[in-house]
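The values are calculated or read from the model by the stated rules, or taken from the named source; none is laboratory data. As the structure is a computational prediction, the values presented were derived from the model and not from experiment. Cβ placement follows ideal geometry from the backbone for every residue including glycine, while neighbour counts extend to all protein chains displayed. Quick note on the areas: whole protein, heavy atoms, side chains included, nothing else; ligands and nucleic acids left out. Shrake-Rupley method; radii C 1.70, N 1.55, O 1.52, S 1.80 Å.
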Amino acid sequence: QVQLVESGGGLVQPGGSLRLSCAVSISMFSIYSMNWYRQAPGKQRELVASSSHSTDSVDSEKGRFTISSDNAKNTIYLHMNSLKPEDTAVYYCNIEQRVGAARYNYWGQGTQVTVSS
């Protein structure tokens, strides 16, 4: 089955940077969209970055967060800059795969990001 495994989370000071990685167990060619969500305690899960070949990329953090991928490594990245305490959350990688008329959605288990001095 398709598996997504996040890594790169941890503790970072306000104003710092962090790169999250999402290793995908399949080739990237059939992925319709790739996304990063986050969920803080007591809050709803929210989309923070997205990329698709049929829609424009989501830029919910005004350029602070950037989604990218390395097809040779089967890895999706989230680059986070100028981090703020409000960015503290569990971050989840998500993809939608389309094979013919079928559509499949997959989630990773999440990685904790804590922004604190």
Original post:
For the chain, what does the alpha-carbon gyration tensor say about shape, rounded, prolate or oblate, given a ≥ b ≥ c as the root eigenvalues, a/c under 1.5 as rounded, and a/b over b/c as prolate?
Top reply: prolate
**OP:** On the full set of protein chains, 1.4 Å probe, figure out the accessible area of SER17 and give it in Å² to the nearest 10.
**Re:** 70
Original post:
Roughly how many Å² is the accessible area per residue of the stretch 13-105, as a whole number, for a 1.4 Å probe?
Top reply: 55
**OP:** Please report, in debye to the nearest 20, how large the charge dipole of the chain is about its Cα centre when each Lys and Arg carries +1 at its beta carbon and each Asp and Glu carries -1 there.
**Re:** 80
